[in-house]
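**Student:** Got a structure for you, written out below as structure tokens; questions coming shortly.
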């Protein structure tokens, strides 16, 4: 008999159908992933790809065409939502306005007829975990937006579900509140983990930053399938496909041609490739803004002449938009300045690509 512990959530070869035109964005195919207790998984994908549909299928709110869903080793595929040991939180938290903060958090325990002493103990611990100790008697209408989200999280976790499902929990929030709620999700999940009853947390999002900051692993959903499943650092450094790189939004691309030796030629030079590509075939070179170095003159070694067509200022620094002089038909490129003196718009400069930071994909 194996002593291996079953994951909190296991999804095996799941198919979920949606849409009205067969074969055209008509569903999720062959979705397989396991999430351990205390682990946070982000499902990242563009709008309309089926992220919320997947979450609803896990919760028992959408029909499954094929495959299996297991919670702590038990098959729940055919069970109704209330018997799956999951909690599903929508984008906007809904609180009982006629109940106090403590009464809201205690509600799932009252439904289960947990003893009064246990209710008090668990509600107190949950409110401490979300930094709302002392607000037990406050009414929901007296809370800030961030506090309301914290109450909803405390209520979701106080019943100690095996799985917590979050549907775009940060999408409708302004930047300040977004940071607060993101922190609350991590805080309350870490607190539950310290007490050895943290659920598997699955959140869906279209925001790359939310996925990277909140998740232990990220499942990238494209064209109805998981295109990549990896830790955030691995995902951002090594997207598995060109589609994943485009979704991350941090990569820019140039067309390339495969040489006889397997390397590829692009407008910024020759790039070694680990991909197996046919000589003479078209390819794509992908790289981030920080892989480009802007130099004052184009005659420096490895630099390619470029014309500055714009400067973009962001909270974390400035970047320049460049047009390559030797390849006028290629896309504009953007390079971080990293403390360098910005050339003026219209000026000629040199741009060099850090070859090791470039990725090569089939066209």
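**Student:** Among the listed residues 323, 356, 314, identify the single one that is under 33 Å from the mean Cα position of the chain (by Cα) and farther than 27 Å from residue 238 by Cβ.
**Tutor:** Going through 323, 356, 314 in turn, just one is under 33 Å from the mean Cα position of the chain (by Cα) and farther than 27 Å from residue 238 by Cβ: 323.
**Student:** Which of the strands (runs of 3 or more DSSP E) found entirely inside the range 309-357 contain at least 1 residues meeting this: without any contact (Cβ under 8 Å) to a residue 40 or more places away in the chain?
**Tutor:** The qualifying strands (runs of 3 or more DSSP E) are 317-324.
**Student:** Quickly run through the range 217-240 and pick out the residues that are surrounded by fewer than 15 Cβ atoms within 10 Å (Cβ to Cβ) and either under 16 Å from residue 361 (Cα atoms) or touching a helix residue (DSSP H, G or I) at 6+ places or on another chain (Cβ under 9 Å) (or both).
**Tutor:** 223, 233, 237, 238
**Student:** Restrict the check to the range 66-74 and report whether at least one residue is assigned to a loop (DSSP other than H, G, I, E, B) and either assigned by TED's automatic domain parsing to the domain that holds residue 207 or in contact with a helix residue (DSSP H, G or I) (Cβ under 7 Å, 6 or more places away or on another chain) (or both).
**Tutor:** Yes, the range 66-74 contains a residue that is assigned to a loop (DSSP other than H, G, I, E, B) and either assigned by TED's automatic domain parsing to the domain that holds residue 207 or in contact with a helix residue (DSSP H, G or I) (Cβ under 7 Å, 6 or more places away or on another chain) (or both).
**Student:** I would also like to ask the following. I'm told residue 82 meets every condition in (1) surrounded by fewer than 15 Cβ atoms within 10 Å (Cβ to Cβ); (2) in contact (Cβ under 8 Å) with a residue 24 or more places away in the chain; (3) within 24 Å of residue 198 (Cβ to Cβ) except one. Can you identify the failing condition by its number?
**Tutor:** Evaluating residue 82 over (1) surrounded by fewer than 15 Cβ atoms within 10 Å (Cβ to Cβ); (2) in contact (Cβ under 8 Å) with a residue 24 or more places away in the chain; (3) within 24 Å of residue 198 (Cβ to Cβ) leaves (2) as the failure.
**Student:** Ok, one more. Just one of (1) in contact (Cβ under 8 Å) with a residue 12 or more places away in the chain; (2) farther than 21 Å from residue 9 by Cβ trips up residue 161, so point out which.
**Tutor:** Just one mismatch for residue 161, condition (2).
**Student:** Output the strands (runs of 3 or more DSSP E) that fall wholly within the range 200-291 and possess 1 or more residues being more than 15 Å from the chain's Cα centre (by Cα) and not assigned by TED's automatic domain parsing to the domain that holds residue 182, or say none.
**Tutor:** 251-258, 264-266, 269-271, 282-288
**Student:** Using the structure shown, decide if residue 293 is farther than 16 Å from residue 256 by Cα, touching a residue at least 24 places away in the same chain (Cβ under 8 Å) and surrounded by 12 or more Cβ atoms within 10 Å (Cβ to Cβ).
**Tutor:** yes
**Student:** Taking the condition touching a helix residue (DSSP H, G or I) at 6+ places or on another chain (Cβ under 9 Å) and part of a loop (DSSP other than H, G, I, E, B), does residue 177 pass?
**Tutor:** Spelling it out, it is not the case that residue 177 is touching a helix residue (DSSP H, G or I) at 6+ places or on another chain (Cβ under 9 Å) and part of a loop (DSSP other than H, G, I, E, B).
**Student:** Here is a further query. Among the candidates 48, 38, single out the residue that is under 20 Å from the mean Cα position of the chain (by Cα) and either farther than 16 Å from residue 203 by Cα or free of Cβ contacts under 8 Å to residues at least 60 places away in the same chain (or both).
**Tutor:** The conditions single out 48.
**Student:** What residue, of 200, 184, 191, 211, is more than 18 Å from residue 91 (Cβ to Cβ), surrounded by 23 or more Cβ atoms within 10 Å (Cβ to Cβ) and in contact (Cβ under 8 Å) with a residue 40 or more places away in the chain?
**Tutor:** Testing whether each residue is more than 18 Å from residue 91 (Cβ to Cβ), surrounded by 23 or more Cβ atoms within 10 Å (Cβ to Cβ) and in contact (Cβ under 8 Å) with a residue 40 or more places away in the chain leaves just 200.
**Student:** With respect to residue 98, is the statement that it is assigned by TED's automatic domain parsing to the domain that holds residue 158, under 13 Å from residue 153 (Cβ atoms) and surrounded by fewer than 21 Cβ atoms within 10 Å (Cβ to Cβ) true?
**Tutor:** No; evaluated as a whole, the condition is false for this residue.
**Student:** Does residue 61 fit the bill of being crowded, with 16+ Cβ neighbours inside 10 Å, in a loop (DSSP other than H, G, I, E, B) and over 22 Å from the mean Cα position of the chain (by Cα)?
**Tutor:** no
**Student:** Of all residues being in contact with a helix residue (DSSP H, G or I) (Cβ under 7 Å, 6 or more places away or on another chain) and farther than 20 Å from residue 131 by Cα in the range 86-95, which is surrounded by the most Cβ atoms within 10 Å (Cβ to Cβ)? Just the residue, please.
**Tutor:** 86
**Student:** For the range 99-127, how many residues meet the condition of being closer than 19 Å to residue 146 by Cα and either touching a residue at least 60 places away in the same chain (Cβ under 8 Å) or outside any helix (DSSP H, G or I) (or both)?
**Tutor:** Number of matching residues: 4.
The values are calculated or read from the model by the stated rules, or taken from the named source; none is laboratory data. These numbers were taken from a predicted model, which means no experiment stands behind them. FYI the Cβ positions are ideal-geometry reconstructions off the backbone, even for glycines, and counts take in every protein chain you see.
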